[in-house]
1. Quick check on region 246-269. Is at least one of its residues outside any loop (DSSP other than H, G, I, E, B) and closer than 30 Å to Pro173 by Cα?
2. I'm checking my understanding of the structure. Among residues of region 196-211 that are out of contact with any helix residue (DSSP H, G or I) (no Cβ under 9 Å at 6 or more places or on another chain) and buried (at least 18 other Cβ atoms within 10 Å of the Cβ), which one is farthest from Ile146 (Cα to Cα)?
3. Hey, does region 443-458 have a residue that's surrounded by 15 or more Cβ atoms within 10 Å (Cβ to Cβ), at positive phi and not assigned by TED's automatic domain parsing to the domain that holds Val352?
4. Which count do you get for residues in region 143-162 that are surrounded by 16 or more Cβ atoms within 10 Å (Cβ to Cβ) and modelled with pLDDT of 95 or more?
5. Taking region 339-376 as the region of interest, how many residues are more than 30 Å from Ile268 (Cβ to Cβ) and of a type in the set (S, T, N, Q)?
6. Against the definition (of a type in the set (S, T, N, Q) and either surrounded by fewer than 19 Cβ atoms within 10 Å (Cβ to Cβ) or touching a His at 6+ places or on another chain (Cβ under 8 Å) (or both)), how does Thr372 come out, yes or no?
7. Regarding Gly68, is this residue small (Gly, Ala, Ser), part of a strand (DSSP E or B) and not assigned by TED's automatic domain parsing to the domain that holds Gly237?
8. I'd like to check something: does region 415-432 contain any residue that is touching a Pro at 6+ places or on another chain (Cβ under 6 Å), surrounded by 15 or more Cβ atoms within 10 Å (Cβ to Cβ) and in contact (Cβ under 8 Å) with a residue 60 or more places away in the chain?
Amino acid sequence: MDARLSASLFAGLVVLLHGFTAWAAVEVNMEDRVEVFKGETAQITCMFTTDDSIDALTIQWFYVSRTGEKQKIYHQDANLKEMDQQLADRFTVNVTAATGDVVLIITDVQLKDQLEFICLVKSQTDAVSEGRTKLLVFEKPDLPTIEGVQTGIYVNKDTLSRIGSCEVKNGFPKPNITWYRNNMPLGGVSDVVSVAQSTTMESSGLFSVRSDLNLKVMKEDKDTQFYCEVTYLVPGGTRMTETSPINITVYYPSTAVHLWVESPKGKIKEGDSIIFHCYGNGNTQSSVYNIKHGEIDHDMVSNMFVLENVTRLHSGNYECTSMDMETYDQLSGNTTVHVNYLDPAVVLPANVEMAQGDDLTATCNALSSLQTHTAWFKDGRELSTGHTLRVKDATFDTAGTYKCVVTVPEIDSMQRMETLHVNVKGAPEIMKPERTDIEESLANTVELTCDVRGFPIPTVIWTTLDGKVLETTSQTDTEDSVHSVVTVEVTSDITAFCNASNVYGADGVAFNIKAIVYTTAATTTTTTSTSTSTSTSTSSTRTSTSILSSSTVQPATAVPPEKIRKEGSGVIIAVIIICLLLLAILGSVLYFLYKKGKICGRSGKQDLTKEKSSKDNIVVEMKSDNTEEAILLGVNGEKLSPSNQ
């Protein structure tokens, strides 16, 4: 009995554990919602945990249609991966076994995708777990628009008056509109405020909302600003935008009239357009406004009058009159306008011709209703300030155009400008060329430039040393300068002259063109001969042995003659120095051999015979520039005695 009971308990435990294992074999977790803008990409993640391998799992995705039906999107098991072909263009599934993620990716999300999605994971032991996520789609609406009534509204009416309408289009979900009056929200209050709102679903599935405001108008509403606030949902929160404010025209009786200049702000100058505004502290539709300046009346449109391109004659008092056509009561207000002016600048003298070394005094004045500032400029650089320009000791640099600029510091862009032209008379001056000595190859051309200053304008002529006139290639004249260019063909050495002259004198400059002829020259390296002389102890007869010279011929190269001469001199000097060094080295070697007894016929006790001396002794003959006597030096460097000479 106990054995059967134990066996039964064991079998029950096995079944229980098996059931627990099947129940715990897979678990799915998903977010409650995923929010995304229309047109973006949505990722719905299904996170699962299981003891089975990925190949042992069955993974399925479904969505719940608007009718409540469950529609399959995707199926995956060990043998098959299948996506609904109608969704394959925008729907994909990524499975990551390492992290246990199954991601449903939807590109270019549309409003129709706002559905509930189901992820189902089934293990090999038939354990099933699923999760659900709602996809919420959002579309930011267009900017809202507001429109107020165009006609005036009478106060003290028994019924509500339409103030305006506000509209926002193409939002999802449906946007909400709230009306504000002077930053205070307007709600529905019986017999005072009425807000009527309507919603339209567009063919795209987006929502458009329109709101109309009706209000019982009071006098205080004449300065009231009305605007709309639109709130709409976005992924993760709520956003808000506002319309620009509008005003309404409220009709009520006037007790005073005010006239002012709306534009320009600040000081007025000639050429401006003046905008006048005239309003009473009341307003009625039957009121008529006009504005008067002196004896001239002007009608006003919408309480505004524009006076364009004003002059100083428009200065004075302006009066605005309001007449109520029902009561014929008249009210008026006035303002004073002052139009500032700046007359054209006058420069005296306007054109000046002066000699070098003279002084110049010029004045510049412009009549103005305000304080002015005067400055003189030349070549874009300010020279001085004040009405008077003084120039001393004139030179050619003095010549040119001077600008007098008169400005009104209190008013931007109010200025006048006039010019002064100055010419300085004098003999021509040729600007020093960059170079006048030019080397150029035969048959080439050289372009010569000559810049001359002087007034009256100098005449420039190009000539050669033999008096030939060269034809000018180009020439540019200004009021007091000439830029002349000539092109010369190099056929030989040429000297060209730029000659400039006017009634006050002349100037000239010479250009020396050296023609270069390219020739073929050989560079030779010469080794100078060294003579070896032998002498005997009894004879003064000296025999010189010449060392043969050798020449190495370098490849021929084309160099200018002048360069050949310079390079040849350098080579000769180098050869002489090398020969002297070789002689010195040879003498040292022979002296060393003589001391060591390496030269035949010399020992510690042996006498030198005349015959051996004549054969074995090598002497170097050196002559002094101060004496004709030849000093014979032995190989040991001692001077020979007279008996041995």
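1. Start the filter on region 246-269 by keeping residues that are outside any loop (DSSP other than H, G, I, E, B), which leaves 246, 250-252, 257-263, 268-269.
Still in the running and closer than 30 Å to Pro173 by Cα: 246.
Checking region 246-269: at least one residue is outside any loop (DSSP other than H, G, I, E, B) and closer than 30 Å to Pro173 by Cα.
2. So in region 196-211, the residues out of contact with any helix residue (DSSP H, G or I) (no Cβ under 9 Å at 6 or more places or on another chain) come out as 196-203, 207-211.
Adding the requirement that they be buried (at least 18 other Cβ atoms within 10 Å of the Cβ) leaves 207-209, 211.
Numbers: Phe207: 17, Ser208: 14, Val209: 12, Ser211: 10 Å.
Going through the qualifying residues, I end up with Phe207.
3. Residues of region 443-458 surrounded by 15 or more Cβ atoms within 10 Å (Cβ to Cβ): 446, 448-458.
The next check asks that each one be at positive phi; those that pass are 454.
Filter once more, keeping what is not assigned by TED's automatic domain parsing to the domain that holds Val352: 454.
Within region 443-458, one or more residues are surrounded by 15 or more Cβ atoms within 10 Å (Cβ to Cβ), at positive phi and not assigned by TED's automatic domain parsing to the domain that holds Val352.
4. 2
5. Pass one, region 339-376, residues more than 30 Å from Ile268 (Cβ to Cβ): 348-362.
When the remaining residues are screened for being of a type in the set (S, T, N, Q), the result is 351, 356, 361.
Of the residues in region 339-376, 3 are more than 30 Å from Ile268 (Cβ to Cβ) and of a type in the set (S, T, N, Q).
6. Details: of a type in the set (S, T, N, Q): yes; either surrounded by fewer than 19 Cβ atoms within 10 Å (Cβ to Cβ) or touching a His at 6+ places or on another chain (Cβ under 8 Å) (or both): no.
No, not satisfied.
7. Details: small (Gly, Ala, Ser): yes; part of a strand (DSSP E or B): no; not assigned by TED's automatic domain parsing to the domain that holds Gly237: yes.
Judged against the criteria, Gly68 is not a match.
8. Taking region 415-432 as the starting set, the residues that turn out to be touching a Pro at 6+ places or on another chain (Cβ under 6 Å) are 416, 428.
Retained after the next criterion (residues that are surrounded by 15 or more Cβ atoms within 10 Å (Cβ to Cβ)): 416, 428.
Checking the rest, the ones that are also in contact (Cβ under 8 Å) with a residue 60 or more places away in the chain come to 416, 428.
Checking region 415-432: at least one residue is touching a Pro at 6+ places or on another chain (Cβ under 6 Å), surrounded by 15 or more Cβ atoms within 10 Å (Cβ to Cβ) and in contact (Cβ under 8 Å) with a residue 60 or more places away in the chain.
The values are calculated or read from the model by the stated rules, or taken from the named source; none is laboratory data. Computed from a predicted structure; not experimentally measured. Every residue, glycine among them, receives a Cβ derived from its backbone with ideal geometry; neighbour counts consider all protein chains shown.
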